[in-house]
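A.B. asks: Here it is, the structure in full.
The values are calculated or read from the model by the stated rules, or taken from the named source; none is laboratory data. Everything quoted here is computed from the prediction, not taken from an experiment. Note: ideal-geometry Cβ built from the backbone for every residue, glycine included; neighbour counts use all protein chains shown.
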Amino acid sequence: MKRRTLIKGMATGLSSLYLSKVFGSSLLQTNTETISGPFKPNWDSLAQYQVPDWFRDAKFGMWAHWGPQCQPERGDWYARGMYQEGSDQYKYHVQKYGHPSKFGFKDVINEWKAENWNPDELVGLYKKAGAKYFMALANHHDNFDLYDSKYQSWNSTKLGPKKDLIGGWAKAAKEHGLPFGVTVHASHPWTWYEVAQRADKTGPLAGVPYDGKLTKADGAGKWWNGYDPQELYAQNHPLSKDSLDNNSMGSHWDWGNGASVPSKAYCDKFLNRTIELIDKYGPELIYFDDTALPLWPVSDAGLKIAAHMYNTSIKKHGKLQAALFAKVLNEQQRKCMIWDIERGQSNQIEPLPWQTDTCIGGWHYDRRIFDNKGYKSAKTVVHTLVDIVSKNGNLLLNVPLRGDGSIDSEERTVVEGIGAWMQVNSEAIYGTRPWKVFGEGPATDSPAPISAQGFNEGKGKPFGAEDIRFTVKGKTLYATMLGWPTGNEAVVKKLAKGNEAGNISSVSLLGNGNLTFEQTEAGLKVKLPEQAPGKDAFVLKIEGAV
């Protein structure tokens, strides 16, 4: 994941001539086998895509955003922050491991053993919490593959845990009957790791380069003898414009504004690694932490991967069952894949299915969040899920794993709380579709706008009892109250006589039973039990309104 402000994704019809003017070279064509199947590696062909019904029905997935950057337990983007002199992660790294000229991120990888990882237990816990699909990090911006890759020597079967982590997650997901997905973030190390080319400006080691430019020859007699650090860091190139600005990744993310453009060999390698990941582990879902598609618009690698993913799904199932996600999509690109919003929500019913990806803490594990009891509550997650589903979306929730592969006690409590709510109320979630309107209440009057790829989470007015979200399944309407009304009476204004709804014939409360009600010109008035039958959110099941 990332902390940045993105520029808007570039138009889909960009020509190679135009791109050569922008980036100084023509569009990089990547190598792969001839793509066979109905989908071709271009935007017009990918626009045939239709989101599969199973994904639309699933609504809720869980994610293990876990890799070697979790080992220090000091938060997201550690492998970048540790090379930023004076930053919190730099100071922590120097104290815990030593100076980054002597102990770089490659050495953090060597410390990571994943000794308490139990994928079967974790996926079982997530399924019990209500997840209908499971996704696992396949690689991050740190460029370390968490699977058996013949194209990337720096992978978890050879170094660090010396385990096939994606293989283990895939097996657990299959055993628990959950569709399995992978998330791919490794298109960006080229620019993201440029900080590793730096040196301290002050102090006793001022001017001593960090380890980002080391070569295979430098490994003689070291634990990494025989491995080329440049295969991991990819820093044998000039710096991007403004690279010395720690915040430059935002403007460079779309390979514009002076970003150093990756070589053809780099793009080919990313393509081959990702095709191998798809072919070897058979994911039904693939998420790209990219604008539009990986390496677009400087390479067509992402287009080829998308076409291969869709054609592979058709060959496997007889019809397209794959779900592919990316960010900051224009109107045409939203027809080609599923729009993913990071840490945020849409403020309207979207015409096409979409997804929010978010986390109960930091993307990579941060021990301080546990110590300070800073995780999102089960209530917050439930409210987020209900709001998203009412707008034609799905929620993908990350529960960050510790370096050893376990989750902590606070996280487990949150997951179990989500499961308790879903056990009673999930019929208002699974298999539903948006109603005529997504909801009503004070929070709808002051929505927070999306910033680039998302990041409007928690910035709107807090949800309360007057905030209601609607979903529909067949002829049944569900109205979920995001709080328990005072006076034991609920008033649903959108269901007033002669308003959006028909003549209501019955109202019940999930987890309780039938209720008395009156449909008036002011709204549907429902008499509630004296005691709330649960917590977090409460679902009215309504017949006759649709």
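A.B. asks: Residue under question is LYS113, and the condition is that it be in contact with a helix residue (DSSP H, G or I) (Cβ under 6 Å, 6 or more places away or on another chain) and either touching a residue at least 24 places away in the same chain (Cβ under 8 Å) or of a type in the set (Lys, Arg) (or both); does it hold?
C.D. replies: Criteria not met by LYS113.
A.B. asks: Within region 389-428, can you find the residues that are of a type in the set (Lys, Arg) and in contact (Cβ under 8 Å) with a residue 60 or more places away in the chain?
C.D. replies: ARG402, ARG412
A.B. asks: Something else now. Within region 446-464, is even one residue part of a loop (DSSP other than H, G, I, E, B) and at pLDDT 95 or above?
C.D. replies: no
A.B. asks: Out of (1) over 21 Å from LEU320 (Cβ atoms); (2) at pLDDT 95 or above, what's the single condition that is false for LEU293?
C.D. replies: Unmet condition: (1).
A.B. asks: Against the condition modelled with pLDDT of 95 or more and under 21 Å from the mean Cα position of the chain (by Cα), how does TRP154 come out, does it pass?
C.D. replies: No.
A.B. asks: Say whether the condition of being among the polar types (S, T, N, Q), at pLDDT 95 or above and in contact with a His (Cβ under 9 Å, 6 or more places away or on another chain) is met by at least one residue in region 175-188.
C.D. replies: Start the filter on region 175-188 by keeping residues that are among the polar types (S, T, N, Q), which leaves 183, 187.
Then keep just the ones that are at pLDDT 95 or above; that gives 183, 187.
After this cut, where a residue has to be in contact with a His (Cβ under 9 Å, 6 or more places away or on another chain) as well, the list is 183, 187.
Yes: region 175-188 contains one or more residues that are among the polar types (S, T, N, Q), at pLDDT 95 or above and in contact with a His (Cβ under 9 Å, 6 or more places away or on another chain).
Residue by residue, here is whether (1) under 21 Å from TYR83 (Cβ atoms); (2) outside the structural domain of ASN394 (by TED's automatic domain parsing); (3) of a type in the set (A, V, I, L, M) holds:
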| residue | (1), (2), (3) |
| --- | --- |
| ALA129 | no, no, yes |
| LYS150 | no, no, no |
| LYS158 | no, no, no |
| TRP169 | no, no, no |
| HIS185 | yes, no, no |
| TRP192 | yes, no, no |
| ASP211 | yes, no, no |
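A.B. asks: With the checklist (1) touching a strand residue (DSSP E or B) at 6+ places or on another chain (Cβ under 8 Å); (2) under 16 Å from ARG273 (Cα atoms); (3) in a loop (DSSP other than H, G, I, E, B) in hand, flag the one item ASP142 doesn't pass.
C.D. replies: In the conditions (1) touching a strand residue (DSSP E or B) at 6+ places or on another chain (Cβ under 8 Å); (2) under 16 Å from ARG273 (Cα atoms); (3) in a loop (DSSP other than H, G, I, E, B), ASP142 misses (1) alone.
A.B. asks: Turning to a different aspect of this structure: Counting only residues that are of a type in the set (Gly, Ala, Ser) and within 16 Å of HIS141 (Cα to Cα), which one in region 252-277 is nearest to the chain's Cα centre (by Cα)?
C.D. replies: As a first pass, look at region 252-277 and keep what is of a type in the set (Gly, Ala, Ser): 256, 258-260, 263, 265.
Narrowing further to those that are within 16 Å of HIS141 (Cα to Cα): 259-260.
Details: ALA259: 24, SER260: 26 Å.
Looking at the filtered set, the residue picked out is ALA259.
A.B. asks: The conditions are (1) touching a Leu at 6+ places or on another chain (Cβ under 7 Å); (2) in contact (Cβ under 8 Å) with a residue 60 or more places away in the chain; (3) hydrophobic (A, V, I, L, M, F, W, C), and VAL123 fails exactly one of them. Which is it?
C.D. replies: Evaluating VAL123 over (1) touching a Leu at 6+ places or on another chain (Cβ under 7 Å); (2) in contact (Cβ under 8 Å) with a residue 60 or more places away in the chain; (3) hydrophobic (A, V, I, L, M, F, W, C) leaves (2) as the failure.
Residue-by-condition table, conditions (1) among the aromatic types (Phe, Trp, Tyr); (2) under 24 Å from ASP57 (Cβ atoms); (3) not in a strand (DSSP E or B):
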position	(1), (2), (3)
ALA443	no, no, yes
GLU466	no, no, yes
ARG469	no, yes, no
TYR478	yes, yes, no
LYS494	no, no, yes
ILE504	no, no, yes
GLU530	no, no, yes
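A.B. asks: Being closer than 22 Å to ASP53 by Cβ, assigned by TED's automatic domain parsing to the domain that holds LYS132 and at pLDDT 95 or above is the requirement here; does LEU232 meet it?
C.D. replies: When the stated conditions are applied, LEU232 does not pass them.
A.B. asks: Separate question: For region 73-103, give me each residue that is within 27 Å of the chain's Cα centre (by Cα) and over 30 Å from GLN355 (Cα atoms). First the steps, then the outcome.
C.D. replies: To start, the set of residues in region 73-103 that are within 27 Å of the chain's Cα centre (by Cα) comprises 73-84, 87-90, 92-93.
MET82, TYR83, GLN84, SER87, ASP88, GLN89, TYR90, TYR92, HIS93 - these are the residues of region 73-103 that are within 27 Å of the chain's Cα centre (by Cα) and over 30 Å from GLN355 (Cα atoms).
A.B. asks: Additional query: Tell me, yes or no, whether region 320-338 has at least one residue that is charged (D, E, K, R) and without any contact (Cβ under 8 Å) to a residue 24 or more places away in the chain.
C.D. replies: Within region 320-338 (the criterion being charged (D, E, K, R) and without any contact (Cβ under 8 Å) to a residue 24 or more places away in the chain), the answer is yes, since at least one residue qualifies.
A.B. asks: Okay, next question. Residue check, GLY130 against (1) of a type outside the set (Asp, Glu); (2) assigned to a loop (DSSP other than H, G, I, E, B); (3) in contact with a Gly (Cβ under 9 Å, 6 or more places away or on another chain); (4) free of Cβ contacts under 8 Å to residues at least 24 places away in the same chain, all met but one. Which one?
C.D. replies: (4)
A.B. asks: Return the residues of region 43-81 that are under 25 Å from ALA301 (Cα atoms), in contact with a helix residue (DSSP H, G or I) (Cβ under 6 Å, 6 or more places away or on another chain) and assigned to a loop (DSSP other than H, G, I, E, B); say none if nothing qualifies.
C.D. replies: Passing the criteria: ALA47, TYR49.
A.B. asks: Scan GLY124, GLY98 and give me the residue that is surrounded by fewer than 24 Cβ atoms within 10 Å (Cβ to Cβ), in the same structural domain as SER406 (by TED's automatic domain parsing) and in a loop (DSSP other than H, G, I, E, B).
C.D. replies: Just one listed residue meets the conditions, GLY98.
A.B. asks: Restricting to region 152-186, give me the number of residues that are of a type outside the set (Asp, Glu) and either assigned to a strand (DSSP E or B) or under 24 Å from GLY226 (Cα atoms) (or both). Before the answer, list the steps.
C.D. replies: The first filter runs over region 152-186 and keeps only residues of a type outside the set (Asp, Glu), leaving 152-163, 165-174, 176-186.
Okay, now just the ones that are also either assigned to a strand (DSSP E or B) or under 24 Å from GLY226 (Cα atoms) (or both), so 152-163, 165, 180-184, 186.
So the answer is 19.
A.B. asks: Select from region 239-251 the residues that are hydrophobic (A, V, I, L, M, F, W, C) and either over 23 Å from the mean Cα position of the chain (by Cα) or in a loop (DSSP other than H, G, I, E, B) (or both) and list them in ascending order.
C.D. replies: LEU239, LEU244
A.B. asks: Something else: Give the residue that is surrounded by the fewest Cβ atoms within 10 Å (Cβ to Cβ), with candidates limited to residues of region 82-95 that are out of contact with any Asp or Glu (no Cβ under 6 Å at 6 or more places or on another chain) and part of a loop (DSSP other than H, G, I, E, B).
C.D. replies: It comes out as GLY86.
A.B. asks: Name every residue in region 478-517 that is surrounded by 16 or more Cβ atoms within 10 Å (Cβ to Cβ) and of a type in the set (Ser, Thr, Tyr), in order of residue number.
C.D. replies: Those that are surrounded by 16 or more Cβ atoms within 10 Å (Cβ to Cβ) and of a type in the set (Ser, Thr, Tyr): TYR478, THR480, SER508.
A.B. asks: Taking only pairs six or more apart or across chains, which ones have beta-carbon atoms under 6 Å, a first residue in region 358-372 that is over 12 Å from LEU401 (Cα atoms), and a second residue that is among the charged types (D, E, K, R)?
C.D. replies: From region 358-372, the pairs are THR358/ARG343.
A.B. asks: OK, next. Output the number of residues of region 519-542 satisfying the condition of being over 21 Å from GLY464 (Cα atoms) and surrounded by fewer than 15 Cβ atoms within 10 Å (Cβ to Cβ).
C.D. replies: 2
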